[in-house]
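The structure under discussion appears below in the form of structure tokens.
The values are calculated or read from the model by the stated rules, or taken from the named source; none is laboratory data. All values reported here derive from a predicted model rather than from experimental measurement. When we count neighbours, we look across all protein chains shown, and the Cβ atoms used for this are built from the backbone with ideal geometry, even at glycine.
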Amino acid sequence: MALSVGAQDVGNRSTAQGPSKQPEKKTTAPAPDKLLFQLPQQIRTTLDAELPGDDADPAAIIQACELRIDAALTVQKAIEHYGNETLFRYAGPAVRLAHRTKSWQDKLDPATDKPFRGFNPWCRHVGISKSQSYRMVNEEPVADALRSLNPGQLTTEQVDILAPVLRQHDAARCRRVWEAATKMGATDRKTLLKARDSLELTIAEEPDGDDRQPGKPGSDRVPVVRFQAGRYDRESVRTAVRSDPEFARLLARDILAELEHLEGTEQPQSS
């Protein structure tokens, strides 16, 4: 029997609770939740239930063992999830402040006794991974794009899905994804992905570059256009051309040259 723990069971606030406080310009951490961690009654009952004796029916033994193991694993995943969200919420304002002010440049790397080579090396020094630092820095522009929609406290998964939309498309499309998900009844990862797909917003794979941020044209080298049979989005092409005109010109020249070559090879031969 599968057991599950939702965000409400591990202390996360719902996105419907109160107005957005991003982008954050203060270094004070939010007040912690009243209850740090609360297990659902079903989980507590399973963990507290006495296991059968060695001489019990084997079918009853294995069923009880699997239930206990499943409940324990569910709790472990819930604790890991809550830990990630807690780090995101409390350390995020500090990471963003250091990034905005470039104050990390004032520190010396203990390994070299020289200034840190970049923001991410400093993050690793203080215990924040590259993926965590990207997510924390990305939260601010994503929340700013959604400000008029009152999104509340964003989660790590919401930022992971919406940041590429903002980076590769624009703030208006980012809001459209959120609005579409809201109409579907939720703003969790699964629903946001479904909403993004319903709007036919393609997301190109992004390089693992340094200090990438949403809304920074040229910070990510992604394809200007993606050819898909039967689909053409003029607005996406316009946005891509404006973000990198030189690359667009080069691509246009290559496309025209290829078309001329193709038309030349398709000329009917005279009999």
- The correct count of residues that are in contact with a strand residue (DSSP E or B) (Cβ under 8 Å, 6 or more places away or on another chain) and surrounded by fewer than 19 Cβ atoms within 10 Å (Cβ to Cβ) in region 112-142 is 5
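A quick yes/no check of all residues on (1) under 36 Å from the mean Cα position of the chain (by Cα); (2) at pLDDT 90 or above:
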site	(1), (2)
Leu51	no, yes
Ala56	no, yes
Arg68	yes, yes
Thr86	yes, no
- Only one of (1) under 25 Å from Arg189 (Cα atoms); (2) in contact (Cβ under 8 Å) with a residue 60 or more places away in the chain; (3) not polar (S, T, N, Q) fails for Leu97. Which number is that? (1)
- Task: Please find, within region 143-172, the residue that is surrounded by the fewest Cβ atoms within 10 Å (Cβ to Cβ) out of those that are under 23 Å from Ala204 (Cα atoms) and among the hydroxyl-bearing types (Ser, Thr, Tyr).
- Result: Thr156
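Each row is one residue, and each column tells you yes or no for (1) among the hydroxyl-bearing types (Ser, Thr, Tyr); (2) closer than 29 Å to Val241 by Cα.
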residue: Pro121; (1), (2): no, no
residue: Ala143; (1), (2): no, yes
residue: Asn150; (1), (2): no, no
residue: Thr156; (1), (2): yes, no
residue: Asp160; (1), (2): no, yes
residue: Arg175; (1), (2): no, yes
- Task: Provide a single number: the residues in region 177-187 that are buried (at least 18 other Cβ atoms within 10 Å of the Cβ) and outside any helix (DSSP H, G or I).
- Result: 1
- Query: Which one of the conditions (1) of a type outside the set (D, E, K, R); (2) part of a helix (DSSP H, G or I); (3) more than 21 Å from Lys190 (Cα to Cα); (4) modelled with pLDDT under 90 does Thr112 fail to meet, given that it meets all the rest?
  - Reply: (2)
- Select from region 180-205 the residues that are over 17 Å from the mean Cα position of the chain (by Cα) and more than 25 Å from His81 (Cα to Cα) and list them in ascending order. Ala180, Lys183, Ser198, Leu199, Glu200
- With the condition kept exactly as written, say whether any residue in region 141-158 is at pLDDT 90 or above, among the polar types (S, T, N, Q), outside any loop (DSSP other than H, G, I, E, B) and in contact with a Ser or Thr (Cβ under 8 Å, 6 or more places away or on another chain). yes
- Message: Quick check on this structure: which one of Leu108, Leu47, Leu97 is surrounded by 14 or more Cβ atoms within 10 Å (Cβ to Cβ) and either on the phi > 0 side of the Ramachandran plot or out of contact with any Leu (no Cβ under 9 Å at 6 or more places or on another chain) (or both)?
- Response: Leu97
